């Protein structure tokens, strides 16, 4: 999955969580000030992301994520590190 596809998925999940419509997500956009996400929005978004990608995001990682780019980079790393499961 490339970054553009990942951005589109995160945008969709973000819009589902907040009920807002966003034109596009720029890497430098602040999650709190730029997208007006509060702690409840962030918690909900993280739950949607974890469920969608079947990953676990540690609280310590979340503390360092302030921009859309930070979030996407963290997700790229998590997805790349996820073991590929093959059907038996």
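Laid out as a table, the results:
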quantity: Whichever residue in region 11-23 is touching a helix residue (DSSP H, G or I) at 6+ places or on another chain (Cβ under 7 Å) and not in a loop (DSSP other than H, G, I, E, B) and, among such residues, is farthest from residue 84 (Cα to Cα); calculated: 18
quantity: Residue selected from region 54-68 under the condition out of contact with any helix residue (DSSP H, G or I) (no Cβ under 6 Å at 6 or more places or on another chain) and surrounded by 17 or more Cβ atoms within 10 Å (Cβ to Cβ), by the criterion nearest to residue 19 (Cα to Cα); calculated: 68
quantity: Residue list for region 25-71, restricted to those being assigned to a helix (DSSP H, G or I), over 15 Å from residue 13 (Cα atoms) and modelled with pLDDT under 95; calculated: 39, 59, 60, 61, 62, 63
quantity: Subset of region 8-44 (residues that are under 13 Å from residue 70 (Cβ atoms) and touching a residue at least 24 places away in the same chain (Cβ under 8 Å)); calculated: 10, 25, 26, 27, 28, 29, 30, 31, 32, 34, 35
quantity: Hits in region 24-48 - residues which are surrounded by 15 or more Cβ atoms within 10 Å (Cβ to Cβ), closer than 18 Å to residue 5 by Cα and out of contact with any helix residue (DSSP H, G or I) (no Cβ under 6 Å at 6 or more places or on another chain); calculated: 46
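The values are calculated or read from the model by the stated rules, or taken from the named source; none is laboratory data. This one's a predicted model, so the numbers in the text were calculated from it and none came from an experiment. Backbone-built Cβ (ideal geometry, glycine too); neighbour counts: all protein chains shown.
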